[in-house]
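Asks: Below you'll find the structure I mean.
The values are calculated or read from the model by the stated rules, or taken from the named source; none is laboratory data. Nothing here was measured: the structure is a model prediction, and the numbers come from that model. Heads up, the Cβs are rebuilt from the backbone with ideal geometry, glycines too, and the neighbour counts pull from every protein chain shown.
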């Protein structure tokens, strides 16, 4: 089998979840990072014209979650039990929705920075983000991993999402200590830990 | 095993794909439709507060695509080959993105109906919808099904999405005759055909 190539921009963004899982499972891959200046030209050869894509067996697989699920399967992080696998999917899709909602507010063209901050603090956090984190907190309870009793790609997806959120909202760690401890645990897994210590330093 | 219960509004929307697959595979299920008037009360007992959910083995599974993938697995419509399964995921996620983009335009609060129509016709259709349909058309070629050489839930997802698009933009059928023929084929599968002939008559 030819080596996998994960093509994305020079950022964590939508590729970092797959990078963590590949590193955790010691699956060799090329971590190709396209510079913004080269993107208009490169884009022409990317079906759908969006990154990330995973080059695998000579084919281009698009869509970050399709890539992540494929990598999770390879990495032994996709539960065999169909209902456990489905709850992983549900967690991952829910996280995606909540992050998309956040970026919708952050990128709104018709709002000032002040207004955006106010909406994030007074509407998004209490009505969207906190209820999700409370549900996750409750679901984790005293368990080690989120789905069933084994580590799964849901744990990776939650920890990777929380890495981003904790860096922007450090208060969340005090409010959700169990989720913080879980994120730390995933970030300290063999393979993931070394990757985080040595990965390219990018703002997001 | 207890019977599945698919809970959604009285609409095709985000539940119809799973309904088609359940009917195709002759998997018994309760097709519960929540009336809008009852929703504020019902919502309190739905984790995450969104529909559809699938009640399965006493648990509530949210997220339409997590539900659809779980149903696809049960229905024998999820490819065994991991790369084929991944390309199904990529197709399904891409269709979702393109439909979300359409609704973003249709639901824009700061635009008139005239402006929305213009954006849909002059920007969305040539730049987003047509390129996707051209790629799908090319991928289908002279094959019977989209992924590999067997029917999969990608075929169901494409046909269900196209059902909605053809009903609003009948010209698409002339522009993409192979996709139209494929949609017709899925809609005429045993189980699906009878369902479509007898399902509740809802506008969307």
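Asks: Mind checking which residues of the stretch B:50-60 are surrounded by fewer than 21 Cβ atoms within 10 Å (Cβ to Cβ) and either in contact with a strand residue (DSSP E or B) (Cβ under 7 Å, 6 or more places away or on another chain) or facing chain A (nearest Cβ under 8 Å) (or both)?
Replies: B:50, B:55, B:57, B:59, B:60
Asks: Would you point out which residue out of A:110, A:97 is modelled with pLDDT under 95 and part of a loop (DSSP other than H, G, I, E, B)?
Replies: One residue alone meets the criteria, A:110.
Asks: Here's another thing I want to ask about it. Mind checking which helices (runs of 4 or more DSSP H) fall wholly inside the stretch B:1-83 and carry at least 1 residues that are touching a helix residue (DSSP H, G or I) at 6+ places or on another chain (Cβ under 8 Å)?
Replies: The helices (runs of 4 or more DSSP H) meeting that bar are B:16-24, B:64-74.
Table: residues versus (1) within 24 Å of residue A:44 (Cβ to Cβ); (2) out of contact with any strand residue (DSSP E or B) (no Cβ under 7 Å at 6 or more places or on another chain).
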| residue | (1), (2) |
| --- | --- |
| B:86 | yes, no |
| B:98 | yes, yes |
| B:108 | no, yes |
| B:118 | no, yes |
| B:133 | yes, yes |
| B:137 | yes, yes |
| B:140 | yes, yes |
| B:153 | no, yes |
| B:168 | no, yes |
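Asks: With respect to residue A:162, determine if the residue is touching a helix residue (DSSP H, G or I) at 6+ places or on another chain (Cβ under 6 Å), farther than 24 Å from residue A:30 by Cα and in a helix (DSSP H, G or I).
Replies: yes
Asks: Now for a different question. Could you look through the stretch B:73-97, keep only residues that are more than 10 Å from every other protein chain (Cβ to nearest Cβ) and within 17 Å of the chain's Cα centre (by Cα), and pick out the one that is nearest to residue B:147 (Cα to Cα)?
Replies: Of all residues in the stretch B:73-97, those more than 10 Å from every other protein chain (Cβ to nearest Cβ) come to B:75-77, B:79-81, B:84, B:95.
Remaining after also requiring within 17 Å of the chain's Cα centre (by Cα): B:75, B:77, B:95.
Numbers: B:75: 16, B:77: 11, B:95: 15 Å.
Once the filter is applied, the top-ranked residue is B:77.
Asks: What is the one condition in (1) more than 18 Å from the chain's Cα centre (by Cα); (2) under 24 Å from residue A:91 (Cα atoms); (3) more than 13 Å from chain A (Cβ to nearest Cβ); (4) surrounded by 14 or more Cβ atoms within 10 Å (Cβ to Cβ) that residue B:32 does not satisfy?
Replies: (1)
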